[in-house]
1. Quick check on my filter: what residues within the range 34-81 are under 30 Å from LEU357 (Cα atoms), charged (D, E, K, R) and either within 16 Å of the ligand (Cβ to nearest atom) or touching a Phe, Trp or Tyr at 6+ places or on another chain (Cβ under 9 Å) (or both)?
2. So the check is Cβ under 8 Å with 6+ separation or different chains; which pairs have a first residue in the range 216-233 that's over 10 Å from VAL197 (Cα atoms) and a second one that's within 14 Å of the ligand (Cβ to nearest atom) and acidic (Asp, Glu)?
3. Does GLY204 satisfy being of a type outside the set (Val, Ile, Thr), within 16 Å of the ligand (Cβ to nearest atom) and either farther than 27 Å from ASP288 by Cα or within 20 Å of the chain's Cα centre (by Cα) (or both)?
4. Please state which of the following conditions ILE260 fails to meet, knowing it meets all the rest: (1) more than 15 Å from the ligand (Cβ to nearest atom); (2) out of contact with any Ser or Thr (no Cβ under 9 Å at 6 or more places or on another chain); (3) in contact (Cβ under 8 Å) with a residue 40 or more places away in the chain.
5. Take PRO145 and decide whether it is out of contact with any Leu (no Cβ under 6 Å at 6 or more places or on another chain), within 21 Å of PHE343 (Cβ to Cβ), more than 12 Å from the ligand (Cβ to nearest atom) and modelled with pLDDT of 95 or more.
6. How about the range 56-173: which helices (runs of 4 or more DSSP H) wholly inside it have at least 1 residues that are polar (S, T, N, Q) and loosely packed, with under 15 Cβ neighbours inside 10 Å?
7. What are the residues in the range 226-248 that are within 9 Å of the ligand (Cβ to nearest atom), in a loop (DSSP other than H, G, I, E, B) and not small (Gly, Ala, Ser), if any?
8. Of the residues GLU84, GLU94, which is away from the ligand (no atom under 14 Å from the Cβ) and in contact with a Gly (Cβ under 8 Å, 6 or more places away or on another chain)?
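The values are calculated or read from the model by the stated rules, or taken from the named source; none is laboratory data. Computed from a predicted model, the values in this text were never measured in an experiment. Here the Cβ positions follow ideal geometry from the backbone for every residue, glycine too, while neighbour counts run over all protein chains shown.
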Amino acid sequence: MRLQDPFGWIDEESRGRERAGLVRTLRPRTAVADLLDLAGNDYLGLTRSPEVITAAATAASRWGAGSTGSRLVTGSTELHAELEQALAGFCGFEAALVLSSGYAANLAALTALTARGSLIVSDAGNHASIVDGCRLSRAETAVVPHLDTKAVRHTLSAHPGRRALVVTDSVFSVDGDAAPLAALDEVCHEWGAALLVDDAHGLGVLGEGGRGGLNAARIAGRQGVVATVTLSKSLGSQGGAVLGPAGVIAHLVNTARTFIFDTGLAPAATGAALAALRVLQGAPELADRVRTVAETLHRLLTARGLTAVRPDAAVVSVRAPSPRSAVEWATACRTAGLGVGCFRPPSVPDGVSRLRLTARADLTDQQIAWAVDTVARTAPVGALAPVS
Ligand SMILES: Cc1ncc(COP(=O)(O)O)c(C=O)c1O
């Protein structure tokens, strides 16, 4: 008797992806950049900053290459405590808790602040880590249409007195559009719900001197408001954090499984994030510059007939006619020397494929013009608006 291959279904699925133009492949970077990078999330260009690199090396030589254990055992160093204090102070919260990634931070906040029987109201465009946190929480999750504050109010009003939490990205990673945070805060206040905001794409870009999307909306530190951030985008490092009232942070220390059962963030990443934060504090104009670069990219791309969403922060998203043409477009850009992101289903909630360009504070005007020309020159038929 021939035994069935237990992984035979993988080939079947893989052929399906091939047919749909949805195959994903890894492309290891070389150490010396051979592309102009508009694909990464290094918005302020700090991952290569000498101060940040030196801080990472110093932290590793002082504290070791790894953190040696979970934060509650041996994985908390004085550096973690310093970073938590600095992050909380900068973003306008009472306290902060550093975790090993932004993904882990979202899982921690969502699972620790809800329970079976709670209600989570989640924007349809939220990041995958929020979606997974909702699933893991065992709470009931109501997914509301993208940016629809009325739907949030309607959902909360249907469950008066229930423990509820509204969760949203501050800036959505696919289209780079911003959530109506002040309005959401008002609705949450009205219905006694907590508000959790993932500020992964807001920190370093929005608010006064890059203090983030919650600072821009004037809701940082408000009662009932909690934020998560990643240290891997504007801060050029790795890791994540939850920011909020001291009581909430203490609750997470005691109950959040992705904090308790996870090895603490490595000292090098912790030191690098702290140094990046100090660089940003000393150069608040970096946040203005990255927004200006994003606006310029958008203006020049649309002037060339491409359909791009007006950016609220650093992400500029350009529509592609199909998943396959998006991949071919991104490949053509890469061949010309430009790295751009390519978002296809299932990473896009509406099924529309896009090229995703990220603005960086350290791009020159010449680089911006060349990048736009490269994207426009390589655009597939169907990406350009018909000439009227
Ligand atoms: C909106 C958002 N939240 C969370 C994350 C996860 O952060 P990290 O990469 O630090 O795990 C990302 C990263 O891609 C993100 O874009």
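1. The answer is ASP37, ASP42.
2. Hits for this filter: LYS233/ASP42.
3. On the way: of a type outside the set (Val, Ile, Thr): yes; within 16 Å of the ligand (Cβ to nearest atom): yes; either farther than 27 Å from ASP288 by Cα or within 20 Å of the chain's Cα centre (by Cα) (or both): yes.
Here the answer is yes, as GLY204 does meet what is asked.
4. Unmet for ILE260, out of (1) more than 15 Å from the ligand (Cβ to nearest atom); (2) out of contact with any Ser or Thr (no Cβ under 9 Å at 6 or more places or on another chain); (3) in contact (Cβ under 8 Å) with a residue 40 or more places away in the chain: (2).
5. Details: out of contact with any Leu (no Cβ under 6 Å at 6 or more places or on another chain): yes; within 21 Å of PHE343 (Cβ to Cβ): yes; more than 12 Å from the ligand (Cβ to nearest atom): yes; modelled with pLDDT of 95 or more: yes.
Yes.
6. Values: elements: 78-91, 102-112, 128-137, 149-157.
Here the list reads 78-91, 149-157.
7. Here is the first cut: in the range 226-248, the residues within 9 Å of the ligand (Cβ to nearest atom) are 228-233, 238-240.
Next, from what is left, pick out any that are in a loop (DSSP other than H, G, I, E, B): 231-233, 238-239.
Those that are within 9 Å of the ligand (Cβ to nearest atom), in a loop (DSSP other than H, G, I, E, B) and not small (Gly, Ala, Ser): LEU231, LYS233, GLN238.
8. GLU94
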